[in-house]
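A.B. asks: Following this message is one structure expressed as structure tokens.
What follows draws every value from the coordinates through simple rules; no lab data is involved. As the structure is a computational prediction, the values presented were derived from the model and not from experiment. Note that each Cβ is placed from the backbone with ideal geometry, even for glycine, and that neighbours are counted across all protein chains shown.
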Ligand SMILES: CC(C)(COP(=O)(O)OP(=O)(O)OC[C@H]1O[C@@H](n2cnc3c(N)ncnc32)[C@H](O)[C@@H]1OP(=O)(O)O)[C@@H](O)C(=O)NCCC(=O)NCCS
């Protein structure tokens, strides 16, 4: 399979550093949502830091500066989806969003997931070798 995907080596683990790793999403989104199911693949979490700007940038395509997001700003944001409502509800109640790093082993057969690794051509491009 690695060869079919153009992968030069097998990865031992897959990690994701993102607001998508914030555990608050579990309570705010439907259990069968893609984000919740994606996060559930990860079984180890390391660093965690406050980052309210990240979900706002990715979901609302808006930039925020400063430590506190104002209620006036939140009132302008669309509330069409459960994710949009959840992001605003957390900030509106004075809480924060967090960026975390999640990871899981891909060599563990119990995950049932195919091995993941960066394609060789992508890694060469990243290293300036392409
Ligand atoms: C990651 C992503 C593809 C997931 O989208 P998805 O597959 O629709 O996610 P889910 O199935 O979990 O969606 C659950 C709910 O959130 C909503 N939602 C998901 N992404 C949304 C977005 N970018 N904007 C608004 N609503 C969104 C869905 O419409 C759904 O709403 P509903 O429950 O009211 O029907 C999407 O959020 C996205 O493109 N995000 C921007 C990129 C990003 O943040 N990447 C990570 C960078 S670190």
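A.B. asks: Please compute the Kirkwood hydrodynamic radius of the stretch 13-108 from all pairs of different C-alpha atoms, in Å with one decimal.
C.D. replies: Details: mean 1/r = 0.0714 Å⁻¹.
This gives a value of 14.0 Å.
A.B. asks: How would you order 28-35, 95-102, 55-62 from highest to lowest mean count of nearby Cβ atoms within 10 Å? If you can, show how the numbers build up before the last one.
C.D. replies: Values: 28-35: 13.1, 95-102: 17.9, 55-62: 16.0.
Highest to lowest by the protection proxy: 95-102, 55-62, 28-35.
A.B. asks: In the P(r) worked out for the stretch 41-83, what percent of Cα pairs fall beyond 14 Å? Write out the running numbers ahead of the final one.
C.D. replies: On the way: 533 of 903 pairs.
Value for the stretch 41-83: 59 percent of Cα pairs lie more than 14 Å apart.
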